[in-house]
Each structure stands twice: as C-alpha cells, then as structure tokens.
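Colleague: Okay, handing you the structure first.
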Amino acid sequence: MQVTKPAVSMHGISKSFGAVQANKNVSLDINRGEVLALLGENGSGKTTLMNMLSGIYYPDSGYIEIDGKRVEIGSPKDAFDYGIGMIHQHFKLVNVFTATENIVLGLKDKGKFDLAAATSKIQQICDTYGFDVDPNQKVYDMSVSQKQTVEIVKVLYRGADLLILDEPTAVLTPQETDKLFAVLRNMRDDGKAIIIITHKLNEVKDISDRVAVLRKGEYVGEMVTSEATTAEMTNMMVGRQVTLNIDRPDPEMKYRMERIRVKNLTVKNREGVTKLDNVSFTAFTGEILGIAGISGSGQKELLEAIAGLQPVESGSIEYNVDDEQVEQLIGMDPLKIADMGVVLSFVPEDRLGMGLVGSMDLTDNMMLRSFRRGTSPLTNRKESRHLAELVVDELEVSTPSISTPVSKLSGGNVQKVLVGREIAAAPTVLLSAYAVRGLDVNSSYLIYDLLNRQKGNGVAVIYVGEDLDVLLELCDRILVLCGGKVSGIVDGRTTTKNEVGLMMTKLGGGDDQ
C-alpha cells in the first residue's frame with residue numbers, strides 16, 4: 001500500500017451531548033488511495049465522528065485539516081465543497097425521479113439546467129468505476145443495490161474525493177456486496193479516500209487496507225488489515241479477549257414438534273401490493289429457523305402476520321399447543337393470541353416505533369408486557385424495575401440509569417433492552433427481525449447466545465437476519481424469500497453463502513420442507 005500525505009487529519013476532536021461524551025480527544029489521519037475501516041462497539045462514537053467530518057455536527061474542540069490546511073466544516077455543503085461525501089444507511093432518494101434527476105437535485109446551474117449533459121457525465125462516472133445503473137431509470141424500478149449506487153454516484157458527481165459509507169452492505173446480497181467492493185477498489189486505486197463504518201469483520205478483512213478503532217469515544221489504535229486477525233480487531237474494540245464462535249447445538253429431537261404451521265399465506269399492503277405470495281413452511285420447537293432475503297422481500301410482513309399485527313388476505317397460521325390442540329392465529333390480534341395462552345414474543349424491525357416507547361424509561365418499557373396481569377388499578381413497578389436492572393446487567397446495556405428514557409440510548413442499547421424484555425417473557429415462539437442490526441460484535445454474540453438458550457429451552461425461534469455468514473452459522477434451517485415468494489428452504493449446516501445469495505435473486509432453488 002502506497003502511503004501518501006493524509007487527505008484529512010482530525011486533531012483532538014471532542015463532542016458531547018449533555019452529560020454524554022461521544023468523542024474525546026480523537027486524532028485520526030485518512031489517506032488517499034486506501035479504504036479505512038472504522039470499528040468500535042455501540043456508543044463508541046464512530047458515527048458521531050464521521051458526522052463531524054461530513055458537516056452534520058460541529059466539534060466542541062479540536063480541528064480538521066485537509067491537505068495540511070486547517071478548515072471549518074459547519075454544514076454538509078461545506079463538506080461537499082471540500083470533497084467530502086457521506087452515504088448513509090438509509091437512502092435519501094425521490095422514488096418517482098430518475099437516477100439523473102436524483103443525482104442533480106438541489107444543484108444550481110447558470111441558465112437552463114442541461115439534463116442531457118448531466119446524464120452524460122453520470123454515465124462517464126459509472127463507466128470509470130464500474131457502477132451498474134441506468135441514469136434514466138426511475139428509482140422505484142431499482143433494486144436496493146442500485147439505489148445505493150445512485151447515492152454513491154451522487155457524491156462523486158459533486159466532486160467527492162473522500163467517501164464515508166455507513167454500514168454499506170447491510171441490505172445487499174453476497175453477489176451485490178462483491179460488486180460494491182469491486183467498485184470501491186476501483187475508486188481506491190483512482191486515489192479516492194474511503195471510510196467504511198461496519199460491524200462485519202469478514203468484510204473488513206476483505207475490503208479495507210487499514211483499521212482504526214474507537215472505544216468509549218476515544219481513539220485506541222489502528223492496525224494494517226492484512227497483518228491483523230478478526231480476533232485481534234475484536235479484542236481492541238472491546239478491550240478484552242472475546243471468543244468469536246457461534247454455537248449451533250443440534251435440536252433435541254425427542255422434544256421436537258411442529259409449533260407454527262404456515263399454509264399458503266398471502267398478504268397485501270394497504271395499496272393492494274402483494275407482499276407475501278402463497279408462503280408455506282413449518283417452524284419446529286427447539287430450532288432456529290432463519291429467514292433470508294433482500295430487504296423488502298416480505299420478511300417484515302411475515303413476522304407481523306404471525307404476531308397478529310398484519311391483516312392476511314388468505315391462508316392459515318396454525319399454532320400447535322400440543323399433539324392434540326391446534327389454535328388458528330389468523331384474525332387474532334396480539335391480545336387475543338395472549339388470551340389463548342400462546343406466549344409469543346416479537347422483536348420487531350422498528351425498535352422505537354413498534355417495540356418500545358422512546359419517551360418512557362427502561363422500567364416502564366418493561367411494564368408494557370406485564371401491566372395487564374395486575375389485579376389492582378395501580379401498577380406495580382417493583383417487578384419491572386428488577387427486570388430492567390437484570391437486562392442492563394446481563395446484556396451490558398450502557399445507560400446512566402434505568403430511569404433514562406430509551407430514546408436517549410444508542411440504537412444498539414435500545415435493541416438490547418427490547419430483546420431482553422421479549423426473552424424475559426419466557427415465550428414458546430420467539431420472532432426476531434434483525435435482532436443484531438446496529439450491534440457491535442460483542443453485543444451480537446450475547447444475542448446469539450440468548451437465542452441458542454431459547455432454542456435449548458424448546459422455543460421455536462424464527463430469526464430474520466441480513467448477515468448470511470451469521471445465518472449459516474446460527475440457524476438449523478434457512479427459508480429464503482424472493483419477491484414475497486419462498487425460493488426454498490435449505491439446511492443451515494450444508495448450504496453455502498453463494499447458494500442462498502442466488503436463491504435471494506431467483507437464480508437458485510432449494511428444497512421445500
């Protein structure tokens with residue numbers, strides 16, 4: 001790797017939000033012609049640091065240099081003027097516009113804007129780096145990876161030489177990830193400086209040249225990627241030895257029974273668009289059934305239908321209480337399902353919109369599952385307070401106190417609170433949508449261990465995940481969705497990442513079982 005003069009140097013950067021110090025005296029060099037992976041646990045200050053570089057926040061102290069010259073970055077426009085662009089995890093595109101229209105949106109030009117010239121320039125950028133996108137294609141007709149490409153081309157069109165990508169592979173298939181990495185290598189070889197914020201250490205090893213690590217808001221060191229192991233990276237992030245092995249105990253066959261039986265399930269959204277099309281499968285006790293698919297393939301609707309939160313067009317969802325008693329869940333809301341004696345826990349994708357109430361503290365959020373059990377008109381907070389303390393302790397939730405509103409916690413800590421509460425209900429069925437999204441490596445392995453404990457207790461666990469490496473290590477079987485249909489169900493122990501990736505894009509097929 002050729003070492004050049006730093007494109008950007010951050011000197012003694014500190015940033016606080018009230019009593020919470022997000023960054024403390026961080027100094028970091030970013031070089032042209034390299035991919036830098038920025039690692040750290042949840043709440044370590046990675047995104048805050050990059051938000052200051054991209055002009056979203058302003059540091060309390062410290063300064064930034066570009067090419068050795070001290071600069072002031074007070075807004076995203078300032079960052080663009082200095083050639084810095086950030087691609088966020090959630091895309092900011094207008095669906096009814098073309099790629100070109102989205103890319104040039106907000107730019108000023110003398111006289112009448114020349115859309116044809118803009119299209120030509122965009123096509124040139126795509127050809128230079130190997131992007132696969134049609135400048136004239138409408139965003140609503142694009143795949144997730146194409147939308148991400150538009151976001152990247154947007155910052156390149158504005159002249160960015162330093163690109164910051166926040167969890168860029170979170171919604172991509174393995175094949176799309178490979179394409180993205182090929183493009184990033186082309187950009188690196190062209191002299192661009194690239195920063196990736198990610199929790200996927202296998203991808204860090206694959207794409208980055210150098211790794212910088214933050215811990216509790218402070219810069220703790222860096223390493224050359226080719227000379228480091230994933231264990232060394234994790235140990236530096238956490239500050240102690242961490243075992244990176246996901247256990248997958250065999251299901252206890254003597255307790256095995258069909259717990260959830262879904263037959264010919266069809267679900268449409270409010271606009272009448274079919275989100276699930278004739279889906280059938282069985283979830284067994286004492287197993288983890290993984291659900292794989294490109295974002296928007298029906299995963300959300302599937303779990304919500306089982307939980308009684310999504311109207312169903314047709315089909316059936318049966319819950320087997322035992323070998324003789326079967327309950328039909330179709331047409332039942334969550335309260336009615338609970339009244340039937342079905343203990344079903346749900347960790348939804350939308351943590352604060354559906355799972356927790358942001359303005360409530362940890363104790364009151366724990367009480368949301370239990371307040372109906374009381375016999376008095378007054379609620380008893382003692383049990384919920386104890387549960388909140390237990391979750392904070394066992395899942396290492398970083399919070400000033402259990403009286404802190406959950407909206408004040410980082411996304412990863414919010415997720416821990418939600419998962420802890422749902423598991424504490426001792427469910428017979430556990431539905432989990434992206435349970436480790438936004439969690440650091442150490443926290444993720446805590447969740448994997450909890451899921452395996454539920455499996456060992458005979459719970460039927462249905463786990464929607466976006467990291468195929470984890471799905472293949474954790475799950476007993478994997479159901480693959482593509483466009484709302486079942487592409488197949490494969491054995492997690494014998495399938496491959498490539499096979500599942502192809503099934504996610506209708507190019508492969510597994511055995512229905």
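Colleague: Here are some residues: LEU28, LEU39. Which one is of a type outside the set (D, E, K, R) and more than 22 Å from ARG70 (Cβ to Cβ)?
Modeller: LEU39
Colleague: A further question follows. Do you know which of the residues in the range 387-409 that are part of a loop (DSSP other than H, G, I, E, B) and surrounded by 21 or more Cβ atoms within 10 Å (Cβ to Cβ) is farthest from the chain's Cα centre (by Cα)?
Modeller: ILE402
Colleague: Identify the single condition in (1) within 26 Å of LEU474 (Cβ to Cβ); (2) over 26 Å from the mean Cα position of the chain (by Cα); (3) in a helix (DSSP H, G or I) that LYS336 does not satisfy, given that it satisfies every other one.
Modeller: (1)
Colleague: I'd like the residue in the range 339-359 that is β-branched (Val, Ile, Thr) and crowded, with 17+ Cβ neighbours inside 10 Å and, out of all such residues, is nearest to the chain's Cα centre (by Cα). Don't jump to the end; show me each part of the working.
Modeller: First, the residues of the range 339-359 that are β-branched (Val, Ile, Thr): 342-343, 347, 357.
Those still in the list that are crowded, with 17+ Cβ neighbours inside 10 Å too: 342, 347.
Working: VAL342: 29, VAL347: 14 Å.
Top of the filtered list is VAL347.
Colleague: Related question: Among the listed residues ARG437, ARG477, ARG493, which satisfies the condition of being out of contact with any Gly (no Cβ under 7 Å at 6 or more places or on another chain), over 17 Å from GLN175 (Cβ atoms), among the basic types (Lys, Arg) and modelled with pLDDT of 90 or more?
Modeller: After ruling out the rest, the residue left standing is ARG493.
Colleague: Out of (1) out of contact with any helix residue (DSSP H, G or I) (no Cβ under 8 Å at 6 or more places or on another chain); (2) in contact (Cβ under 8 Å) with a residue 40 or more places away in the chain; (3) assigned to a loop (DSSP other than H, G, I, E, B), the odd one out for GLU151 is which?
Modeller: Going through the list (1) out of contact with any helix residue (DSSP H, G or I) (no Cβ under 8 Å at 6 or more places or on another chain); (2) in contact (Cβ under 8 Å) with a residue 40 or more places away in the chain; (3) assigned to a loop (DSSP other than H, G, I, E, B), GLU151 breaks only (3).
Every residue, every condition in (1) farther than 17 Å from GLY83 by Cα; (2) at pLDDT below 90; (3) assigned by TED's automatic domain parsing to the domain that holds ALA193; (4) not aliphatic (A, V, I, L, M), yes or no:
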position: LYS121; (1), (2), (3), (4): yes, no, yes, yes
position: GLN124; (1), (2), (3), (4): yes, no, yes, yes
position: ASP132; (1), (2), (3), (4): yes, yes, yes, yes
position: LYS138; (1), (2), (3), (4): yes, no, yes, yes
position: MET142; (1), (2), (3), (4): yes, yes, yes, no
position: GLU151; (1), (2), (3), (4): no, no, yes, yes
position: VAL155; (1), (2), (3), (4): no, no, yes, no
position: LEU165; (1), (2), (3), (4): no, no, yes, no
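Colleague: Run GLN175 past the list (1) closer than 23 Å to TYR445 by Cα; (2) modelled with pLDDT under 90; (3) outside the structural domain of GLU327 (by TED's automatic domain parsing); (4) not charged (D, E, K, R) and report the number of the one that doesn't hold.
Modeller: (1)
Colleague: In the range 9-25, what residues are under 22 Å from ARG70 (Cα atoms) and either without any contact (Cβ under 8 Å) to a residue 40 or more places away in the chain or surrounded by 23 or more Cβ atoms within 10 Å (Cβ to Cβ) (or both)?
Modeller: ILE13, ASN23
Colleague: Any idea which of (1) modelled with pLDDT under 90; (2) closer than 25 Å to LYS416 by Cα is the one VAL326 doesn't satisfy?
Modeller: (2)
Colleague: For a quick check of your reading: which strands (runs of 3 or more DSSP E) sit entirely within the range 209-318 and have at least 3 residues that are not assigned by TED's automatic domain parsing to the domain that holds ASP189?
Modeller: Hits in the range 209-318: 258-268, 274-284, 287-292.
Colleague: Among the residues of the range 448-465, which ones are crowded, with 21+ Cβ neighbours inside 10 Å and in a loop (DSSP other than H, G, I, E, B)?
Modeller: VAL459, GLY465, listed by residue number.
Colleague: Which of the residues that make up the range 423-434 are modelled with pLDDT under 90, surrounded by 20 or more Cβ atoms within 10 Å (Cβ to Cβ) and more than 26 Å from PRO168 (Cβ to Cβ)?
Modeller: ILE423
Colleague: Give just the number: which of (1) over 30 Å from VAL20 (Cα atoms); (2) touching a Lys or Arg at 6+ places or on another chain (Cβ under 6 Å) does LYS455 not satisfy?
Modeller: (2)
Colleague: A follow-up question, please. Please count how many residues of the range 49-73 are assigned to a loop (DSSP other than H, G, I, E, B) and without any contact (Cβ under 8 Å) to a residue 12 or more places away in the chain.
Modeller: Qualifying residue count, the range 49-73: 1.
Colleague: Which count do you get for residues in the range 32-79 that are surrounded by fewer than 18 Cβ atoms within 10 Å (Cβ to Cβ), over 22 Å from the mean Cα position of the chain (by Cα) and farther than 16 Å from GLY12 by Cβ?
Modeller: 8
The values are calculated or read from the model by the stated rules, or taken from the named source; none is laboratory data. A quick note: this is a predicted structure, and the numbers were derived from the prediction, not measured. No Cβ is skipped: glycine too gets one built from the backbone with ideal geometry, and neighbour counts run over all protein chains shown.
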